[in-house]
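Beneath this line is the structure, given in structure tokens, with notes to follow.
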Amino acid sequence: MFYLDFQKANCKNCYKCLRSCPVKAIDMRNSQAKIIESRCILCGHCTHVCPQNAKSVHNDAAAVLKLLKTKTVIASVAPAFVSSFGLTSFEPFRAALKKLGFSDAYETSEGAAVVTAEYKKLLASGKYENFITSACPAVNRAIQLYHHDVLKYLAPVDSPMVAHAKILRERFKNASVVFIGPCIAKKREAAESGIIAGALTFEEVAELFENNGVKPVAVNPEMHESKKATVAAVSDTEEPGEEKIAAKFYPISRGIIKSFDAFPGGYEYIAVDGVSRLSQALEDLKNVKGVFLEINACEGACVNGPCAIQRSGGNVEANVRVRNYTNGAPLDVVREHPSVAVERKPLTPGDRIPTDDEVAEVLARTGKRGKCDELNCGACGYNSCREKAWAVVNGYAEVEMCVPYMREKAESMGNVVIENSPNGIIVCDKALKITEINRRAEALVGAARPEYIFDCFDPTAVFKAAENGVQSRVDALKIEKSGKYVDMNIVPLAGENALLIVLIDVTDKVNYDAELDKVKRGTFEVTDSVIEKQMRVAQEIASLLGETTAETKIALLKLKDAIK
Ligand code: SF4
Ligand code: SF4
Ligand code: SF4
């Protein structure tokens with residue numbers, strides 16, 4: 001199943017996505033980025049950094065619209081809606097969804113409250129050396145695929161989305177549940193849950209609103225205040241034992257920790273967000289004890305999710321909106337609910353660890369025969385030359401992605417071409433200082449490693465080309481030192497502040513032309529004297545015979561011109 005990929009036409013093969021991917025789940029062969037589904041944790045980070053905006057997210061909108069026509073569908077809405085849609089309460093959003101055809105809509109924070117309550121119970125049990133929260137499906141997947149050592153710390157608790165779906169399906173027996181949020185990873189989690197009919201991103205919902213002329217409009221803050229008062233009154237009638245939790249904090253950084261009213265002892269409560277810090281945080285956890293780790297794959301947590309709608313105030317505004325909304329709203333009440341326990345099993349990405357020989361063979365193909373040749377520069381998108389060799393062996397990358405190697409190769413190929421050119425090639429800067437000269441050019445100018453153009457030949461034409469930046473040509477330029485003649489092409493290299501001078505040896509041609517000219521001249525002189533003689537003889541005969549000497553003279557002069 002495809003959840004996320006890159007559009008063909010847009011990808012410019014810059015490796016930025018690969019560089020930012022924490023688990024190297026991108027196949028870069030044939031100059032086209034492609035997600036490796038079995039490795040990808042769907043954090044969406046690559047889509048954020050792509051300068052070509054080449055992201056292509058699986059769109060569930062059509063399937064959901066179809067479902068709305070045939071079934072009772074309840075929406076579970078992630079609390080980040082306040083920041084994405086610039087709202088201060090849930091009612092307008094709920095009303096807009098109903099206009100689209102949803103039977104009703106509830107906030108996923110209802111499920112998050114149950115999840116927090118479960119976390120508290122598990123922490124109080126004292127069974128966990130360390131504890132990792134499980135609300136972010138991208139993080140859960142990363143641990144299950146790549147960090148088996150810390151899997152035992154991952155809370156065996158459903159995510160808020162799945163917990164809420166369980167609650168809703170129990171409440172509305174025949175209804176389908178569709179999740180709405182800022183996340184791509186939730187699409188796969190929803191599909192795998194077996195109880196969620198689809199997951200729409202905020203971007204998809206905004207498009208549906210737009211296409212259907214629906215607009216969730218913010219209600220005025222006083223209305224929100226009065227609702228608060230009503231709910232506070234209602235909360236007096238709660239059943240004993242019901243817990244109230246600020247689960248609407250979940251979508252911001254440290255939001256899960258903020259949702260706790262009391263902290264079970266024995267733990268330091270730490271939050272880490274952003275995929276770039278994910279692996280290190282999980283590695284560090286192996287060496288410590290008594291840490292409660294809240295991890296989100298997105299920097300700034302879900303309000304900054306890959307399909308959140310960014311507002312002009314960015315992450316700061318998003319945070320403020322969620323804080324205001326949560327501080328102002330009634331707490332989520334944890335009532336009786338179905339079990340939200342889940343088993344998190346280890347997964348394997350499906351590729352293999354290459355042997356040392358395979359790695360060495362790939363490294364050798366990019367000229368890396370010893371440790372000192374491994375630059376680990378990261379230009380290929382991988383963190384090290386060995387990591388890239390792993391990708392090549394697994395068929396995810398091409399040897400040619402090694403930028404320093406390709407540059408070296410291009411340079412050495414360029415050098416071979418230049419050195420073996422039958423023409424003289426000189427590169428000089430605008431001060432006419434020579435920076436490159438091939439052997440053929442040295443022979444033509446009659447100097448080894450000359451420093452300036454004027455050490456070689458009359459520099460006038462080169463000066464002019466440097467000054468006006470226009471390509472020019474000089475035919476049969478004589479080089480005094482070598483006695484050679486060259487046709488000279490001067491090409492200013494735009495943006496390089498340099499000139500390329502190509503010298504074509506035309507000495508033989510010039511000498512041949514001179515020789516031919518000499519022969520022609522000799523022939524003409526002989527012919528001329530013969531004609532002169534003939535004319536004189538003809539005139540003498542004509543004067544004796546009284547014939548028309550004028551006609552003979554004209555004919556002979558024409559013959560002379562023709563020879564000329
Ligand atoms: S970031 Fe990745 S998908 Fe985007 S243009 Fe660069 S290589 Fe292509
Ligand atoms: S979504 Fe995340 S894990 Fe998947 S390819 Fe992109 S950056 Fe890598
Ligand atoms: S030297 Fe080549 S293979 Fe190594 S990290 Fe740099 S680009 Fe990648």
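Does the stretch 162-173 include one or more residues that are over 32 Å from the mean Cα position of the chain (by Cα), at pLDDT below 95 and β-branched (V, I, T)?
no
Hey, T108 hits all of (1) open to solvent by less than 20 Å² (accessible area, probe 1.4 Å); (2) within 11 Å of ligand 2 (Cβ to nearest atom) but one; which does it fall short on?
(2)
Can you find even one residue in the stretch 29-38 that is more than 8 Å from ligand 1 (Cβ to nearest atom), open to solvent by less than 50 Å² (accessible area, probe 1.4 Å) and free of Cβ contacts under 8 Å to residues at least 40 places away in the same chain?
Narrowing the stretch 29-38 to residues more than 8 Å from ligand 1 (Cβ to nearest atom): 29-31, 34-38.
If we keep only those that are open to solvent by less than 50 Å² (accessible area, probe 1.4 Å) too, we end up with 35-36.
Add one more test, that the residue is free of Cβ contacts under 8 Å to residues at least 40 places away in the same chain, and what stays is 35.
Scanning the stretch 29-38, I find at least one residue that is more than 8 Å from ligand 1 (Cβ to nearest atom), open to solvent by less than 50 Å² (accessible area, probe 1.4 Å) and free of Cβ contacts under 8 Å to residues at least 40 places away in the same chain, so the answer is yes.
Within the stretch 435-487, which residues are open to solvent by 30 Å² or more (accessible area, probe 1.4 Å) and small (G, A, S)?
A443, G446, A448, G469, S472, A476, S482, G483
If you go through the stretch 8-15 one residue at a time, do you hit one that is open to solvent by less than 50 Å² (accessible area, probe 1.4 Å) and either in contact with a strand residue (DSSP E or B) (Cβ under 7 Å, 6 or more places away or on another chain) or more than 16 Å from ligand 1 (Cβ to nearest atom) (or both)?
The first filter runs over the stretch 8-15 and keeps only residues open to solvent by less than 50 Å² (accessible area, probe 1.4 Å), leaving 10-11, 13, 15.
Subset that is either in contact with a strand residue (DSSP E or B) (Cβ under 7 Å, 6 or more places away or on another chain) or more than 16 Å from ligand 1 (Cβ to nearest atom) (or both): none.
No; the residues of the stretch 8-15 include none that is open to solvent by less than 50 Å² (accessible area, probe 1.4 Å) and either in contact with a strand residue (DSSP E or B) (Cβ under 7 Å, 6 or more places away or on another chain) or more than 16 Å from ligand 1 (Cβ to nearest atom) (or both).
Report those strands (runs of 3 or more DSSP E) wholly inside the stretch 453-564 carrying at least 1 residues which are small (G, A, S). Working first, answer last.
Values: elements: 472-479, 484-493, 498-505.
Strands (runs of 3 or more DSSP E) meeting the threshold: 472-479, 498-505.
Consider N296 against the criteria (1) in contact (Cβ under 8 Å) with a residue 60 or more places away in the chain; (2) open to solvent by 30 Å² or more (accessible area, probe 1.4 Å): it satisfies all of them except one. Which criterion is unmet?
It fails just one condition, (2).
Can you name every one of the helices (runs of 4 or more DSSP H) wholly within the stretch 339-435 that holds 2 or more residues which are modelled with pLDDT of 90 or more and within 27 Å of I41 (Cβ to Cβ)?
Numbers: elements: 356-365, 385-393, 403-419.
Here the list reads 356-365, 385-393.
When residues of the stretch 510-528 are filtered for being modelled with pLDDT under 80, open to solvent by less than 80 Å² (accessible area, probe 1.4 Å) and β-branched (V, I, T), how many remain?
So the answer is 2.
What are the residues in the stretch 39-66 that are open to solvent by 20 Å² or more (accessible area, probe 1.4 Å) and away from ligand 2 (no atom under 11 Å from the Cβ), if any?
Once the filter is applied, which keeps residues that are open to solvent by 20 Å² or more (accessible area, probe 1.4 Å) and away from ligand 2 (no atom under 11 Å from the Cβ), the stretch 39-66 yields P51, Q52, N53, S56, H58, N59, D60, A62, A63, L65, K66.
If K289 satisfies every condition in (1) open to solvent by 70 Å² or more (accessible area, probe 1.4 Å); (2) more than 18 Å from Y119 (Cα to Cα); (3) modelled with pLDDT of 95 or more but one, which is the exception?
Single failed check for K289: (2).
Working only within the stretch 419-450, note down all residues that are in contact (Cβ under 8 Å) with a residue 12 or more places away in the chain and of a type in the set (S, T, N, Q).
Residues satisfying the conditions are S421, N423, T435, N438.
Which of the residues belonging to the stretch 376-396 are among the small types (G, A, S), under 17 Å from P22 (Cβ atoms) and within 16 Å of ligand 1 (Cβ to nearest atom)? Even if it seems obvious, please write down each step before you answer.
At the first step, the residues of the stretch 376-396 found to be among the small types (G, A, S) are 378-379, 381, 384, 389, 391, 395.
Remaining after also requiring under 17 Å from P22 (Cβ atoms): 378, 381, 384, 391.
G378, G381, A391 - these are the residues of the stretch 376-396 that are among the small types (G, A, S), under 17 Å from P22 (Cβ atoms) and within 16 Å of ligand 1 (Cβ to nearest atom).
Condition check ((1) touching a residue at least 12 places away in the same chain (Cβ under 8 Å); (2) of a type outside the set (F, W, Y)) across all residues:
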| position | (1), (2) |
| --- | --- |
| K121 | no, yes |
| Y128 | yes, no |
| I132 | yes, yes |
| A135 | yes, yes |
| V139 | yes, yes |
| L145 | yes, yes |
| H148 | yes, yes |
| A155 | yes, yes |
| M161 | yes, yes |
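Residue pairs, Cβ under 7 Å, 6 or more apart or interchain, first in the stretch 372-389 and on the phi < 0 side of the Ramachandran plot, second open to solvent by 60 Å² or more (accessible area, probe 1.4 Å) and not in a helix (DSSP H, G or I). List them.
Hits for this filter: S384/N376; C385/L375; C385/N376.
Identify, please: which residue in the stretch 396-405 is open to solvent by 20 Å² or more (accessible area, probe 1.4 Å) and touching a helix residue (DSSP H, G or I) at 6+ places or on another chain (Cβ under 9 Å) and is, among those, farthest from ligand 2 (Cβ to nearest atom)? Spell out how you get there, then give the answer.
The initial filter retains those residues of the stretch 396-405 that are open to solvent by 20 Å² or more (accessible area, probe 1.4 Å), namely 396, 398, 400, 403-405.
Okay, now just the ones that are also touching a helix residue (DSSP H, G or I) at 6+ places or on another chain (Cβ under 9 Å), so 396, 398, 400, 405.
Numbers: Y396: 11, E398: 18, E400: 21, Y405: 25 Å.
My answer is Y405.
The values are calculated or read from the model by the stated rules, or taken from the named source; none is laboratory data. Worth saying up front: this structure is predicted, and the values here are computed from it rather than measured. Heads up, the Cβs are rebuilt from the backbone with ideal geometry, glycines too, and the neighbour counts pull from every protein chain shown. All accessible areas refer to the heavy atoms of the entire protein, side chains included, with ligands and DNA or RNA removed. Shrake-Rupley method; radii C 1.70, N 1.55, O 1.52, S 1.80 Å.
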